[in-house]
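Chemist: Have a look at this one before I ask anything.
The values are calculated or read from the model by the stated rules, or taken from the named source; none is laboratory data. Here the structure is a predicted model, which is why all the values come from computation and not from measurement. Don't worry about glycine lacking a Cβ; one is built from the backbone with ideal geometry, like all the others, and counts go over all protein chains shown. Quick note on the areas: whole protein, heavy atoms, side chains included, nothing else; ligands and nucleic acids left out. Shrake-Rupley method; radii C 1.70, N 1.55, O 1.52, S 1.80 Å.
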Amino acid sequence: MRTGGVRRTLALAALVAGTAGLGGCQLTDSGSNVVNGKEQFVAKCGACHVLSRAGTTGVVGPNLDEAFTRARQDGFGQDTFEGIVHRQILYPAIRPQHDPVTGKLLPLMPGKLVEGQDAEDVAAYVASAAGKRGKDTGALAQVGAAQAKGTAEAKNGVLTIPADPGGSTAYQFADAESPAGQVKIESPNKSSVDHDIALEGNGVSEKGDTVKDGGVSQFEVNLKPGEYMFFCSVDGHRQAGMEGKLTVK
């Protein structure tokens with residue numbers, strides 16, 4: 001067995017971070033509900049991690065599509081991965097660490113983002129999905145990170161672009177339109193993940209406060225005709241795709 005490769009993969013796995021389940025939930029042999037685990041992962045962890053099966057695109061934490069691949073090849077089982085993930089959710093590293101693949105310094109992960117049965121469910125889902133190609137099937141295929149769609153339109157001088165209420169690194173709208181003039185731009189955020197809204201282009205550079213749990217990130221700006229980019233300025237969120245084009249006419 002090539003233990004050096006296993007250590008490297010498990011080192012990455014040890015950095016793994018981590019709303020109610022759907023009807024027809026899927027259970028593992030241990031009794032964990034992986035559908036709930038996927039939902040909780042998207043809501044609480046996806047803003048920091050890439051995991052293609054969950055549709056998450058976060059870039060500030062380890063890329064879970066690369067986790068466990070070598071360890072799986074070397075014969076380690078899913079129970080091993082599940083235990084690693086569960087311990088890391090409850091007791092994350094207390095000192096900054098470097099991603100063993102990219103070498104970049106990783107931000108500290110908050111402890112107990114999920115607890116109790118939710119933590120066990122997240123661990124079971126991540127252990128089943130990390131480092132595995134393909135797509136989720138069955139009930140798992142019905143949940144995942146939301147994607148921005150449609151166009152937000154300013155009304156009565158207010159342009160509202162909500163953050164995804166499920167915690168994804170996405171706004172609810174993919175782009176936006178507004179008439180020129182004084183406009184209030186606001187982004188309600190019902191999720192427990194920090195988000196804000198910022199705007200740049202045509203000499204404009206504005207940003208609202210970072211909010212969560214029902215807060216509203218907002219600012220007022222005088223817009224001239226042209227194109228602008230709105231985005232979330234929280235570390236890694238724009239890089240994860242949380243941005244869109246604002247067209248002003």
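Chemist: Go through the residues of segment 179-196 one by one and say whether even a single one is open to solvent by 10 Å² or more (accessible area, probe 1.4 Å), β-branched (Val, Ile, Thr) and more than 21 Å from His49 (Cβ to Cβ).
Modeler: So the first thing to find is which residues in segment 179-196 are open to solvent by 10 Å² or more (accessible area, probe 1.4 Å), and the list is 179-182, 184, 186, 188, 190, 192-194.
Okay, now just the ones that are also β-branched (Val, Ile, Thr), so 193.
Within this subset, residues satisfying the condition of being more than 21 Å from His49 (Cβ to Cβ) are none.
Within segment 179-196, not a single residue is open to solvent by 10 Å² or more (accessible area, probe 1.4 Å), β-branched (Val, Ile, Thr) and more than 21 Å from His49 (Cβ to Cβ).
Chemist: Restricted to segment 108-136, and to residues that are assigned to a helix (DSSP H, G or I) and among the aliphatic types (A, V, I, L, M), which residue is surrounded by the most Cβ atoms within 10 Å (Cβ to Cβ)? It would help to see each step written out before you state the result.
Modeler: Our first condition is that a residue be assigned to a helix (DSSP H, G or I); within segment 108-136, this holds for 116-129.
Then drop every residue that is not among the aliphatic types (A, V, I, L, M), which leaves 119, 122-124, 126-127, 129.
Details: Ala119: 22, Val122: 31, Ala123: 29, Ala124: 28, Val126: 33, Ala127: 28, Ala129: 24.
Ranking the qualifying residues of segment 108-136, first place goes to Val126.
Chemist: From (1) over 14 Å from the mean Cα position of the chain (by Cα); (2) open to solvent by 20 Å² or more (accessible area, probe 1.4 Å), pick out the condition that doesn't hold for Val248.
Modeler: If we test Val248 against (1) over 14 Å from the mean Cα position of the chain (by Cα); (2) open to solvent by 20 Å² or more (accessible area, probe 1.4 Å), just (2) comes out false.
Chemist: Quick check on Asp213: is it open to solvent by 50 Å² or more (accessible area, probe 1.4 Å), within 28 Å of Phe41 (Cβ to Cβ), at pLDDT 95 or above and over 18 Å from the mean Cα position of the chain (by Cα)?
Modeler: Values: open to solvent by 50 Å² or more (accessible area, probe 1.4 Å): yes; within 28 Å of Phe41 (Cβ to Cβ): yes; at pLDDT 95 or above: yes; over 18 Å from the mean Cα position of the chain (by Cα): no.
Spelling it out, it is not the case that Asp213 is open to solvent by 50 Å² or more (accessible area, probe 1.4 Å), within 28 Å of Phe41 (Cβ to Cβ), at pLDDT 95 or above and over 18 Å from the mean Cα position of the chain (by Cα).
Chemist: Let me spell it out: the conditions are (1) surrounded by 18 or more Cβ atoms within 10 Å (Cβ to Cβ); (2) over 26 Å from Val60 (Cβ atoms), and Ala139 meets all of them except one. Which number is the exception?
Modeler: (1)
Chemist: Which of the following residues is open to solvent by 30 Å² or more (accessible area, probe 1.4 Å), modelled with pLDDT of 95 or more and not aromatic (Phe, Trp, Tyr): Gln218, Gln147, Gln239?
Modeler: The unique qualifying residue is Gln218.
Chemist: Within segment 56-106, track down each residue that is part of a helix (DSSP H, G or I), of a type in the set (A, V, I, L, M, F, W, C) and buried (at least 18 other Cβ atoms within 10 Å of the Cβ).
Modeler: So in segment 56-106, the residues part of a helix (DSSP H, G or I) come out as 64-66, 69-73, 78-90.
Checking the rest, the ones that are also of a type in the set (A, V, I, L, M, F, W, C) come to 64, 71, 81, 84-85, 89-90.
Within segment 56-106, Leu64, Ala71, Phe81, Ile84, Val85, Ile89 meet the criteria.
Chemist: Of (1) open to solvent by 50 Å² or more (accessible area, probe 1.4 Å); (2) farther than 30 Å from Thr69 by Cα, Ala152 satisfies all except one. Which?
Modeler: (1)
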